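What follows is calculated from the coordinates using simple rules that are stated; it is not laboratory data. All of these numbers come straight from a predicted model, not from anything done at the bench. Glycine also receives a Cβ, built like all others from the backbone with ideal geometry; neighbour counts cover every protein chain displayed.
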Amino acid sequence: MRIAVASGKGGTGKTTIATSLALSLAGGGSAPPPIFVDCDVEAPNAHIFLKPRLGDSQPVGIMIPVVDETRCTFCGKCAEVCAYHAIAVLGKKTLVFPQLCHGCGSCTSLCPENCISEIANPIGVIERGPAVQGIDFLRGVLNIGQPMAVPIIRELQRRIKPLPGQVVIMDAPPGTSCPVVATMRGADYLLLVTEPTPFGLHDLKLAVQVAAEIGLPAGVVVNRGDGPFPDLERFCASAGLPILMRIPFQRKTAAGIARGKNLVEVHPEYTAAFRELFQQIAEDNK
Ligand code: SF4
Ligand code: SF4
C-alpha cells in the first residue's frame with residue numbers, strides 16, 4: 001500500500017506524522033520496514049528525523065530544445081505549439097527559456113525543418129540510502145532556482161519497488177499545486193494532516209477537493225488540537241472523512257521536534273496508535 005501524507009498548508013506537522021508512521025511500522029516486525037519517500041523536493045527535511053545514510057545520488061534532468069539557427073526559417077511553429085511559452089521567435093532569432101520548458105518534446109517533433117535537437121537540462125538529484133530501523137529512504141532535491149518539481153517526483157515514484165507487504169509512505173509537498181497532485185497520483189490512500197483552526201480547515205478543504213478529483217480515499221489526522229473544533233468535525237463528517245488520530249498540543253512535543261526528535265521518540269506511546277491508524281486504513285481499503 002502506498003500512503004501519501006499531505007496537508008493543504010505548510011506547518012501542520014505533516015512530516016512529523018509521516019515519519020512517525022514510518023518509524024512505528026518499521027518497529028512492528030510483521031512486514032519489511034517501509035519505504036519512505038520525501039516528495040517535498042523544494043525543501044526536503046524528513047532526513048532530519050529518519051537520519052538516512054544517503055550514499056546513492058543520481059541526477060535528474062529534462063530534455064530541452066536547442067535550435068540550429070542556420071537551418072531555422074523562423075516560421076514560429078515551435079512557439080505556437082509550446083503551451084508554456086518556453087520558446088519564442090523574435091525576427092531572425094529563436095529563443096529557448098530553459099526555466100519554462102517542461103521537456104514535452106512537442107516543438108522538436110513539429111518543427112518542419114527538423115532543426116531542433118535536445119539536450120539534457122539537470123533539474124535536481126534523487127538520493128537513496130538506509131535510514132533508522134531499516135527504512136529504505138528516498139528523496140528528491142530540486143536545484144535552487146529550478147521550478148520544475150514534478151519530473152523529480154515522477155522519477156522518485158518510478159524507483160519505488162516495494163516488496164510484498166512493504167508499505168510506501170510518501171511525504172507530499174505543502175499546498176495543492178502540481179507537485180502535490182503528482183505525489184497523490186502515485187498513492188492508494190491519502191492521509192491529510194490538519195490543525196483545528198480556520199486556516200487549517202480552509203486548506204484542508206482545498207486538499208480534499210484535489211483528492212476527490214483524483215478519486216483517492218482519504219482520512220484525517222488532527223494535529224495540535226486541544227479540544228473539538230466543531231467546524232472541522234462537521235466538515236469531515238459531511239465529506240465522509242474519518243478522523244483517524246488526534247494529537248493534542250504539548251510543549252514537550254514541540255521542544256523535542258525542535259531538537260530533531262520525532263513524535264514517537266518523544267512520546268513512545270504513539271507508536272501503537274500509529275500502528276492502529278495503519279490497520280484502520282488497511283481494513284477500510286481492502
Ligand atoms: S519550428 Fe523549427 S523552423 Fe520554425 S521557427 Fe521553430 S525552430 Fe525554426
Ligand atoms: S519541449 Fe515542450 S515545453 Fe519545452 S520548449 Fe518545446 S514545446 Fe515548449
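Structural remarks
- Residues in segment 189-224 that are part of a helix (DSSP H, G or I) and of a type outside the set (A, V, I, L, M): 198, 199, 200, 202, 203, 205, 209, 213.
- Residues in segment 161-186 that are in a loop (DSSP other than H, G, I, E, B) and either basic (Lys, Arg) or buried (at least 21 other Cβ atoms within 10 Å of the Cβ) (or both): 161, 167, 172, 173, 174, 176.
- Residue within segment 33-41 that is within 16 Å of ligand 2 (Cβ to nearest atom) and touching a residue at least 40 places away in the same chain (Cβ under 8 Å) present: no
- Among the residues making up segment 109-140, those that are within 15 Å of ligand 1 (Cβ to nearest atom) and crowded, with 20+ Cβ neighbours inside 10 Å are 111, 116.
- Complete set of residues in segment 58-82 that are out of contact with any strand residue (DSSP E or B) (no Cβ under 8 Å at 6 or more places or on another chain), near ligand 2 (Cβ under 7 Å from one of its atoms) and either of a type outside the set (Val, Ile, Thr) or in contact (Cβ under 8 Å) with a residue 40 or more places away in the chain (or both): 82
- Counting only helices (runs of 4 or more DSSP H) that fall entirely inside segment 1-97 and contain at least 3 residues that are surrounded by 22 or more Cβ atoms within 10 Å (Cβ to Cβ) and either away from ligand 1 (no atom under 16 Å from the Cβ) or not β-branched (Val, Ile, Thr) (or both), the qualifying elements are 14-26.
- Among the residues of segment 234-263, those identified as within 20 Å of residue 220 (Cβ to Cβ), more than 22 Å from the chain's Cα centre (by Cα) and buried (at least 17 other Cβ atoms within 10 Å of the Cβ) are 235, 236, 247, 253.
- Any hit, segment 122-132, residues being under 19 Å from the mean Cα position of the chain (by Cα), among the β-branched types (Val, Ile, Thr) and under 15 Å from residue 40 (Cβ atoms): yes
- When residues in segment 83-110 are screened for being in contact (Cβ under 8 Å) with a residue 40 or more places away in the chain and more than 8 Å from ligand 2 (Cβ to nearest atom), 1 of them pass.
- Scanning segment 82-138 for residues that are under 24 Å from residue 56 (Cα atoms) and touching a Cys at 6+ places or on another chain (Cβ under 8 Å) gives a single hit, 121.
- Count of segment 187-212 residues, restricted to those that are closer than 24 Å to residue 156 by Cα and buried (at least 17 other Cβ atoms within 10 Å of the Cβ), is 10.
- Scanning segment 53-62 turns up no residue that is aliphatic (A, V, I, L, M), over 19 Å from residue 124 (Cβ atoms) and more than 14 Å from the chain's Cα centre (by Cα).
- Residue 215 being surrounded by 14 or more Cβ atoms within 10 Å (Cβ to Cβ) and not hydrophobic (A, V, I, L, M, F, W, C): no
Residue-wise test of (1) in contact with a Ser or Thr (Cβ under 6 Å, 6 or more places away or on another chain); (2) touching a residue at least 40 places away in the same chain (Cβ under 8 Å); (3) assigned to a helix (DSSP H, G or I).
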{"site": "226", "(1), (2), (3)": "no, no, no"}
{"site": "236", "(1), (2), (3)": "no, no, yes"}
{"site": "246", "(1), (2), (3)": "no, no, no"}
{"site": "264", "(1), (2), (3)": "yes, yes, yes"}
{"site": "268", "(1), (2), (3)": "no, no, no"}
{"site": "277", "(1), (2), (3)": "no, yes, yes"}
